[in-house]
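Student: Provided herewith is a single structure, encoded as structure tokens, for subsequent inquiry.
The values are calculated or read from the model by the stated rules, or taken from the named source; none is laboratory data. Bear in mind the structure is a predicted one, so any value in this text is a computation, not a measurement. As a convention, Cβ positions derive from the backbone with ideal geometry for all residues, glycine included, and neighbour counts pool all protein chains shown. Accessible surface is based on the protein model in full, side chains and every heavy atom, while ligands, DNA and RNA are left aside. Shrake-Rupley method; radii C 1.70, N 1.55, O 1.52, S 1.80 Å.
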Amino acid sequence: MKKWSFFTLAGFICLALAGAPAAVAASDTLVVMQEAEPVGLDLMQSSIQTTMSVCYNIHDTLFHPQEDASVLPALAEKWEKIDDLTWKITLRKDAVFHNGEPVNAAAVKFSYDRANNDALKNPHRGKLSAFTELKVIDDYTFTIKTEQPYAPGLYMLGYYLPIVPPKYIQEVGDSKYNTDPIGSGPYRLKKWVRGEEIVLEAFDKYYGPQPAYKNLIFKASPEEASRIAALLTGEAQVISGIPVHQRKKIQDSGKAYLTPQMGVMPYIGINTYEAPFDDVRIRQAINYAIDKELINKALFDGQAIICAGPISPRTFGASPNLKPYPYDPDKSRALLKEAGHPDGIQARLAYPTYMSQIQEQAEAIAANMGKAGINVTLEPFERAVMWERYKGKKHQLYIYWWDDAPEPDRYMYSLFNSKSRDYYYKNPTVDELLDKGRTIMDRTERAKVYARIDELLYQDAPWAFLYVVPEVFGVANDVDYQGRRDGFLNMRYAKPKM
Amino acid sequence: MLQYLFKRLWHTVYVIIGISVISFFFIHLSGDPVMLMLPGDASHQEIEDLRQQLGFNDPIYVQYLRFAWQALRGEFGQSLYYKIPAMQLILERLPASLELAAAAMLIALVVAVPIGIISAVRRGSLLDMGSMFGALFGLSMPHFWLGIMLIMIFSVRLGWLPTSGRGTLAHLIMPSVALGLSLMAMFARLTRSVMLEVLSLDYIRTARSKGLKERIVVSKHAFKNALIPLVTVAGMQFGFLLGGTVIIETVFAWPGVGRLVVQAIFNRDYPLVQAVVLVLAVIFVAVNFIVDMLYMYLDPQISYFEDK
């Protein structure tokens, strides 16, 4: 090779390596890597987990929801129940938006009206549907009413009513606000290079404790191996989306640790309107046919929590009297015979291909059921088709998932109340109890109602109940961060490890 | 010349129209995007209202004509998923795709062409056999696996390069090498094959018999004729690289158009899919036009223009 070519090439390599970023970010900067980039930065325009994670660093709400479904003050300083249907809430006076606008009762009213605006199509509107009216009393006080007593009210406000700046939104419009938001949270948006990174910086006038990291950078990497590599090289200090079989690698690396977050609760929905699944014995037979312990051991390293009924064992209101359906193919066959199917039945099991480890789960479940005389044809569908067929009531059996939130109403109402969805199951008694459960303010009494719901659904088996798979975040050893059950990467709680 | 250019432009127009019609109908056949845009507990009325608002209840040919009319005015609609103009999203991602495609192409050509030439000149040698085996290996290796291996070795083990993302030249190295490897293999085999054919022609024998140095015979006389098929394939591959690198983009979190369009298809984001397909079609046609023009430079016997 000629000398000039050699030196040119060597120079090229040095230039390239000189441009390589420092393997470890500066100590005042935290890099978080998720599976996907946010689609926008307005909490009222998206319900995607990765989007909401970033948003909760920019936006604040009235309350900070806690792991036990209670709330702590955030923008709301104090609150009281005037009557069963009305809360009077007083805002703190030192909160401002990132552009200097005050966080006041007018802003709360604007935010509430915006959340319910038909044109915006807020995906969280349904979660606030119990609220009927918000009235401003003075600059920092307002009342909010519900149609009936609503126990999870403050919890829902804590997640789904971000307080937004009226003047700014009226100036820029909803579309621009989605890409260039102003909030009142501990971080403000510095820049968003779409496809590459979202850079947030600490808001110096934040009313609460200043976040420990001055700069917060969100990146996205769809490939799990790349995310894990980024954690191990120090390019990212916190990552999400770690499948079970990769967790030991992180733990053994000596460079990072795992912290639990949201639990993913897959379930098999059953079309109770279609024969033979309209017979409860068939549905119970399905439950007895699945070897959840074996699936847990083989696919989740024993880390999944086996569910008895639809309410996660980690959520208050799960009945303490229930034991998970045991694996008993003989019992399953006996139930099939009793229901008039001594030779077994055919069933179609649909599953969405984008779910993590779903194919292995579906195949294992199908194999289990086959041994019990339930011959399953698997139907993998991509996301849009799966959802369309779901809403079109075309599935016989289907696998979907939910997250096991601390507040049972958050998912039980949505999944089982026929006012919310009745595509595959409807039970007036369950409807009544779900309506009742959200109106009882006393937690112990509420727990009894949800326990009753849990037991009813366990017996009626509109689902084959499976397990909760606790998800984790990977965190670098020099960062102190504990994941939360809502699964959101709220980095105001992260700090350097001493 | 003007006549030729006009003819090419006309061909381009109906190619673009054909592609837009096909992609429009296919994406609409995939199903209804409205279901994905509304929450799970949206009522039937809400779904119908949104469908009406977005014009999805109109006959499909009406929807296409509306899209075509807007496209002629440079309006490609708003992404249903991202809620910003579709063209804005594409223009944000296109530079990254062009950068990756160009880098992969450069690496592939710089490495593959000399290897192909040497393999042809030293046919049957160890170098020839080794390079063709390497080419086979490069063609067979899955991009996904190669990408992960590169990250494990050069990022995790050695700490030389960043794992993923875009920003510096260092970020570009691994994805372009991963992408370039299969191109390298293809170009090396093609170059060897064409060179072998050219080197057996009479005029090469004449050049050698005139006492010209072998280096001049190969590089000046033989290689120039081998360029035409190489340029053709390179042009086509460049077009494919722009939209077809979704695996590399996923492994390396490279913010290109490939991943954007695949996600848009899964999300049934009609406006974005249609806009991407149109843009890529235009670029593909433009690249092929440039390739055709290059032929005239490479082979003066080729001319598209009538003699005056």
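Student: Express the carbon and sulfur contribution to the solvent-accessible surface of segment B:178-308 as a percent, rounded to the nearest whole number, probe 1.4 angstrom.
Tutor: Details: 3820 of 6000 Å².
Of all accessible area on segment B:178-308, carbon and sulfur atoms account for 64 percent.
Student: List the lysines whose alpha-carbon lies under 21 Å from that of A:K292, not counting same-chain residues fewer than 8 positions away?
Tutor: A:K323, A:K331, A:K371
Student: For the pair A:I137/B:R66, report the inter-label distance in nm, with labels modelled 7 Å from Cα in the Cβ direction.
Tutor: So the label points at A:I137 and B:R66 sit 4.9 nm apart.
Student: Shifting gears a bit: Tell me the trypsin sites (Lys or Arg not before Pro) within segment A:199-295 that lie in a loop according to DSSP and have at most 16 other beta-carbon atoms within 10 Å.
Tutor: Filter output for segment A:199-295: A:K205, A:K214, A:K255.
Student: Helix-derived [θ] at 222 nm for chain B: sum -39500 (n - 2.57) over DSSP H runs of at least 4, divide by residue count, nearest 500?
Tutor: Mean residue ellipticity at 222 nm (helix-derived): -24000 deg cm²/dmol.
Student: Between segment A:170-223 and segment A:375-447, what's the alpha-carbon centroid distance in Å?
Tutor: Their Cα centres are 34 Å away from one another.
Student: Where does each of B:212-218, B:172-178, A:86-92 land if you order them by average Cβ count within 10 Å, highest first?
Tutor: B:172-178, A:86-92, B:212-218
Student: Mind checking A:186-195 for the average number of partner chain beta-carbons within 10 Å of each residue's beta-carbon?
Tutor: Across the residues of A:186-195, the mean count of other-chain Cβ atoms within 10 Å is 3.
Student: Collect residues whose amide H, placed 1.01 Å from N in the peptide plane, falls under 5 Å from the amide H of B:K83; neighbours closer than 5 in sequence don't count.
Tutor: Counting only residues 5 or more places away or on other chains, the set is empty.
Student: Can you work out the Karplus-derived ³J(HN,Hα) for every residue in segment A:147-155? Use 6.51 cos²θ - 1.76 cosθ + 1.60 with θ = phi - 60°, whole Hz, and x for glycine or proline.
Tutor: So the Karplus estimates, Gly and Pro as x, are 6, 9, x, 9, 4, x, x, 5, 4 Hz.
Student: In terms of modelled amide H atoms, which long-range or inter-chain residues lie less than 5 Å from the amide H of A:L30?
Tutor: A:N215, A:L216, A:I217
Student: OK, next. Give me the net charge of A:P222's neighbourhood, meaning all other residues with Cβ under 13 Å from the Cβ of A:P222; Lys, Arg count +1, Asp, Glu -1. Don't skip to the end; give the middle numbers.
Tutor: On the way: positive: A:K219, A:R227, B:R259; negative: A:E35, A:E37, A:E223, A:E224, B:E249.
The answer is -2.
Student: May I ask for the equivalent-ellipsoid semi-axes of segment B:19-68, computed as the square root of five times each C-alpha gyration tensor eigenvalue and listed largest first in whole Å? Kindly include the intermediate steps, with their values, before the conclusion.
Tutor: Numbers: eigenvalues 107, 29, 9 Å².
Semi-axes, largest first: 23, 12, 7 Å.
Student: Using a 1.4 Å probe, what is the accessible area per residue for segment B:229-295, in Å²? Can you show the working numbers first?
Tutor: Details: 1980 Å² over 67 residues.
Ligands and nucleic acids excluded, the result is 30 Å² per residue.
Student: Now for a different question. Would segment B:140-290 count as rounded, prolate or oblate if I go by the C-alpha gyration tensor, calling it rounded below 1.5 in a/c and otherwise prolate when a/b exceeds b/c, oblate otherwise? Write out the running numbers ahead of the final one.
Tutor: Values: a/c = 3.37, a/b = 1.70, b/c = 1.99.
Oblate.
Student: Taking only pairs that are 8 or more places apart or on different chains, how many Lys pairs in chain B have Cα atoms under 25 angstrom apart?
Tutor: Count of close lysine pairs: 4.
Student: If packing is taken as the average number of other Cβ atoms within 10 Å across a peptide's residues, how do B:50-63, A:180-193 rank, most packed first?
Tutor: Packing proxy ranking, top to bottom: A:180-193, B:50-63.
Student: Let me ask something else about it. What order, most packed first, do the peptides B:235-241, A:53-59, A:75-81 have when packing is the mean number of other Cβ atoms within 10 Å of each residue?
Tutor: Sorting B:235-241, A:53-59, A:75-81 by mean packing, highest first, produces A:53-59, B:235-241, A:75-81.
Student: Next question, about the same structure. Let me know the mean shielding of B:78-85 by other chains, meaning the per-residue number of their Cβ atoms within 10 Å of its Cβ.
Tutor: Shielding by partners across B:78-85 averages 4.
Student: All other residues with a Cβ under 13 Å from the Cβ of A:P496 taken together, and with Lys, Arg as +1 and Asp, Glu as -1, what is their net charge?
Tutor: On the way: positive: A:K214, A:K495, A:K497; negative: A:D28, A:D478, A:D480.
Around A:P496, the surrounding residues sum to 0.
Student: Summing -39500 (n - 2.57) over the DSSP H runs of n ≥ 4 in chain A and dividing by its residue number, what mean residue ellipticity at 222 nm do you reach, to the nearest 500 deg cm²/dmol?
Tutor: Per the formula, -10000 deg cm²/dmol.
Student: Still on this structure: Tell me the total accessible area that A and B bury against each other, 1.4 angstrom probe, in square angstrom rounded to 100.
Tutor: 3600
Student: Let me ask something else. On a 25 Å Cα-Cα criterion, which of the cross-link pairs A:K190/A:K495; A:K297/A:K497; A:K219/A:K497; A:K167/A:K191 come out too long?
Tutor: A:K297/A:K497
Student: Got a sec to turn the phi values of segment A:385-397 into Karplus ³J(HN,Hα) couplings, 6.51 cos²θ - 1.76 cosθ + 1.60 with θ = phi - 60°, whole Hz, x for Gly and Pro?
Tutor: Running phi through 6.51 cos²θ - 1.76 cosθ + 1.60 with θ = phi - 60° gives 5, 4, 5, 5, 5, 4, 6, x, 6, 9, 7, 8, 10 Hz.
Student: Let's test the formula: R0 of 60 Å, r as the Cβ-Cβ distance of A:E274 and A:D113. What FRET efficiency results, to the nearest 0.05?
Tutor: According to the calculation, E is roughly 0.90.
Student: Taking 0.36 nm per residue of separation and subtracting the Cα-Cα distance, what length does fully extending B:L98 through B:W160 add?
Tutor: 19.9 nm
Student: Once you average over the residues of A:225-237, how many Cβ atoms of partner chains fall within 10 Å of each Cβ?
Tutor: Shielding by partners across A:225-237 averages 5.
Student: Taking the solvent-accessible surface of protein heavy atoms with a 1.4 Å probe, what is the per residue accessible area of segment B:64-125 in Å²?
Tutor: 48
Student: So how strong a dipole does chain B carry about its Cα centre when Lys and Arg Cβ are +1 and Asp and Glu Cβ are -1, to the nearest 20 debye? Working shown, then result.
Tutor: Numbers: 23 positive and 19 negative charges, 314 e Å.
Charge dipole of chain B: 1500 debye, to the nearest 20.
Student: Express in whole angstrom the spacing between the alpha-carbon centres of segment A:307-340 and segment B:1-75.
Tutor: What the calculation gives is 49 Å, centre to centre.
Student: Going toward the positive end of the dipole of the protein assembly as shown, with +1 on Lys and Arg Cβ and -1 on Asp and Glu Cβ, which of A:S420, A:L322, B:L241 do you reach last?
Tutor: B:L241
Student: Relative contact order for segment B:1-131: what is it in percent, counting Cα pairs under 8 Å that are at least 6 residues apart?
Tutor: 10
Student: A follow-up question, please. Could you state the accessible area per residue of chain A in Å², with a 1.4 Å probe and every protein chain left in place?
Tutor: 40
Student: Next question. Find the centroid of the Cα atoms in segment A:91-112 and in segment A:277-306, then give the distance between the two in whole Å.
Tutor: Answer, in whole Å: 49.
Student: Can you run phi through the Karplus equation (6.51, -1.76, 1.60; θ = phi - 60°) for segment A:461-475 and list ³J(HN,Hα) in whole Hz, with x for Gly and Pro?
Tutor: After applying 6.51 cos²θ - 1.76 cosθ + 1.60, I find 6, x, 10, 9, 7, 10, 7, 10, 9, x, 7, 9, 9, x, 10 Hz.
Student: Within the accessible area of segment B:114-164, what % is carbon and sulfur when the probe is 1.4 Å and the other protein chains stay in place?
Tutor: The computed percentage sits at 74.
Student: Going by amide H atoms built from the backbone, whose H comes under 5 Å of the H on A:L489, apart from near neighbours?
Tutor: For A:L489, the qualifying residues are A:S53.
Student: Ignoring ligands, DNA and RNA, what percent of the accessible area of chain A is carbon or sulfur (1.4 Å)?
Tutor: For chain A, the apolar C and S fraction of the accessible surface comes to 53 percent.
Student: Check the straight Cα-Cα distances from A:K145 and name the lysines below 18 Å, setting aside those fewer than 8 residues away within the same chain.
Tutor: A:K145 reaches A:K78, A:K81, A:K88, A:K109, A:K127, A:K135, A:K436.
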